[in-house]
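A short write-up of the structure that comes next.
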Amino acid sequence: MPAQGDASRKLAMTTSHILEPSVLLDTASPELSLHDVERIARDVFGLVAEAAELSGERDRNYHLRAGDAHYVLKVSNPAEDPGVIDFQTKALLHIAAVDPELPVPRLLRTRTGAAEWWLEGAGAAPRLVRVLSYLQGVPMQKASPGKDLQHALGRHTARLDLALRGFFHAGAGHKLMWDLKHANTVRPLLVHVQDPAQRSLAERVLDRFEHHALPRLPGLRAQVIHNDLNPHNVLVAPDDHSRIAGIIDFGDMVHAPLINNLAVAAAYQVSEAGHPLEMVAPMVAAYHRLVPLEPVELDLLFDLITTRMVLTVAISGWRAARYPENRAYILRNNRQAWARLNCCDTLDRAQAQAYLRQATRVE
């Protein structure tokens with residue numbers, strides 16, 4: 001039996017074609033002391049603030065509190081393409097111009113008026129630093145569930161897609177493991193799924209994705225999408241859980257089929273009790289009222305929802321094995337993803353399609 005280190009190296013070689021695991025997701029961003037973070041905030045961005053570390057998947061993130069104002073200071077991963085960071089920066093500026101009422105982070109410029117700043121130091125690769133407004137609210141996973149909230153989520157997902165509809169950037173075509181159109185490439189990562197029944201379920205979902213969705217994705221309308229509207233990235237108002245107070249974390253943006261953004265958001269709304277799509281349906285219906293879905297998009301939506309859940313369990317399981325010290329953050333959506341996959345497995349594809357058609361009244 002090979003040593004664990006040999007097995008890890010073999011897996012890294014096997015998955016080197018899966019776009020980024022051995023480059024970006026497999027590269028840790030160096031830590032900064034809170035003193036250094038506060039110095040950068042003051043000297044570069046003009047903020048006299050108290051810093052605290054936040055969790056993050058690829059970047060180093062810090063909460064800055066300057067009096068009653070709150071910000072996030074983001075230090076890029078050294079393996080991140082600067083063009084991709086500029087892509088995210090320009091997208092936020094575009095959204096602010098197109099839909100200024102949409103609750104997304106706003107960029108704070110440096111003392112010299114730049115949107116980004118290079119952090120350079122001895123023994124460390126240069127990294128880009130940005131400061132964004134810190135949106136206040138309750139993460140959606142802690143909110144009281146209800147159809148009013150699902151309608152609000154659908155509307156805000158549609159508004160965000162509309163705001164990004166005319167946005168173009170050279171960095172939008174970057175390769176990303178979390179991009180649904182490349183979901184078939186994560187098969188080797190299922191080696192980390194120890195339960196044979198769970199692994200078989202994930203493989204069946206990928207089989208359906210490859211048979212039904214993958215050949216049709218190139219023909220769908222496409223644009224820049226947020227690509228990560230999970231309940232940790234959607235905030236609700238503390239005094240009104242049916243009101244969306246913030247959409248955060250644009251680090252997984254990519255140019256992809258438009259329907260993928262709705263599928264990602266819907267994957268986290270599958271019900272573990274009752275009909276699996278009971279809480280997905282009102283969200284999809286609200287989205288459809290602002291951005292009418294094409295019949296082919298609706299036909300593929302269930303395939304894409306379940307495939308997103310497979311991405312969650314495959315990538316998170318692999319990364320948790322490599323970064324056990326960050327295991328809790330990495331696996332925060334894992335248990336629910338398996339539970340929801342099992343619920344969706346009780347539906348056949350035609351039943352799911354019919355249910356979503358009825359919700360949107362698309363025949």
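So between SER55 and ASN342, what do we pick up on full extension, going 0.36 nm a residue minus the alpha carbon distance? Spell out each step's value before the answer.
Values: separation 287, 0.36 × 287 = 103.32 nm, distance 2.88 nm.
Full extension from SER55 to ASN342 adds 100.4 nm.
If you average 1/r over all unlike Cα pairs in region 58-147 and invert the result, what Kirkwood radius do you get in angstrom?
Numbers: mean 1/r = 0.0673 Å⁻¹.
It works out to 14.9 Å.
Extending each Cα 7 Å along its Cβ direction at HIS211 and GLU278, get the distance between those two points in nm, one decimal.
With each label placed 7 Å out from Cα toward Cβ, I get 3.0 nm.
Express the carbon and sulfur contribution to the solvent-accessible surface of the chain as a percent, rounded to the nearest whole number, probe 1.4 angstrom.
Values: 8100 of 15590 Å².
For the chain, the apolar C and S fraction of the accessible surface comes to 52 percent.
Using only protein heavy atoms and a 1.4 Å probe, report how much of VAL48 is accessible, in Å² to the nearest 10.
In the full protein context, VAL48 sits at about 120 Å².
Would you mind getting me the FRET efficiency between THR112 and HIS63? Use the beta-carbon distance for r and R0 = 35 Å, nearest 0.05. Could the numbers behind the result be given before it?
On the way: r = 24 Å, r/R0 = 0.69.
Efficiency, from the Cβ-Cβ distance: 0.90.
When 1/r is averaged over all different Cα pairs and the result inverted, which Kirkwood radius in Å belongs to the chain? Can you show the working numbers first?
Details: mean 1/r = 0.0470 Å⁻¹.
Value: 21.3 Å, from the Cα pair sum.
Specify whether the C-alpha gyration tensor of region 136-202 places it in the rounded, prolate or oblate class, a ≥ b ≥ c being the square roots of the eigenvalues: rounded for a/c under 1.5, otherwise prolate if a/b is larger than b/c and oblate if not.
Details: a/c = 2.85, a/b = 1.26, b/c = 2.25.
Judged from the Cα gyration tensor, region 136-202 comes out oblate (a/c at least 1.5, b/c at or above a/b).
Going through region 103-161, which trypsin sites (Lys or Arg not before Pro) have at most 15 other Cβ atoms within 10 Å and a DSSP loop state?
Details: sites: ARG106, ARG109, ARG111, ARG127, ARG130, LYS142, LYS147, ARG155, ARG159; in loops: ARG106, ARG109, ARG111.
Here the trypsin sites (Lys or Arg not before Pro) that fit, given the DSSP loop and packing criteria, are ARG106, ARG109, ARG111.
Quick check: pseudo-label points 7 Å beyond the Cα along Cα→Cβ at ALA170 and GLN351, how many nm apart are they?
5.1 nm
Given the -39500 (n - 2.57) contribution per DSSP H run of 4+ residues, what per-residue ellipticity at 222 nm results for the chain, rounded to the nearest 500 deg cm²/dmol?
Details: 11 runs with 146 residues, N = 363.
Result for the chain, helices only: -13000 deg cm²/dmol.
List the trypsin sites (Lys or Arg not before Pro) within region 218-325 that fall in a DSSP loop (any state other than H, G, I, E or B) and whose Cβ has at most 16 other Cβ atoms within 10 Å. Don't jump to the answer; show the numbers that get you there.
Details: sites: ARG221, ARG243, ARG289, ARG308, ARG319, ARG322; in loops: ARG221.
Loop-located and lightly packed - ARG221.
For region 190-328, what does the relative contact order come out to in percent, with C-alpha contacts under 8 Å and a separation of six or more? Provide the component values of the computation, followed by the final result.
Values: 137 pairs, mean separation 39.3, N = 139.
Relative contact order here is 28 percent.
In Å², and per residue, what accessible area does region 130-171 have when probed at 1.4 Å with the other protein chains present?
On the way: 1910 Å² over 42 residues.
Computed with neighbouring chains in place, this is 46 Å² per residue.
What area, in nm² and to one decimal, does the C-alpha convex hull of region 153-258 cast on average over all directions?
Working: hull surface 34.5 nm².
Quarter of the Cα hull surface area: 8.6 nm².
The values are calculated or read from the model by the stated rules, or taken from the named source; none is laboratory data. Treat the numbers as computed from the prediction; the structure is a model and nothing was measured. Here Cβ is always computed from backbone atoms with ideal geometry, including for glycine, and neighbour counts include all displayed protein chains. Note: accessible area is taken over every heavy atom of the protein model, side chains too, but ligands, DNA and RNA are not part of it. Shrake-Rupley method; radii C 1.70, N 1.55, O 1.52, S 1.80 Å.
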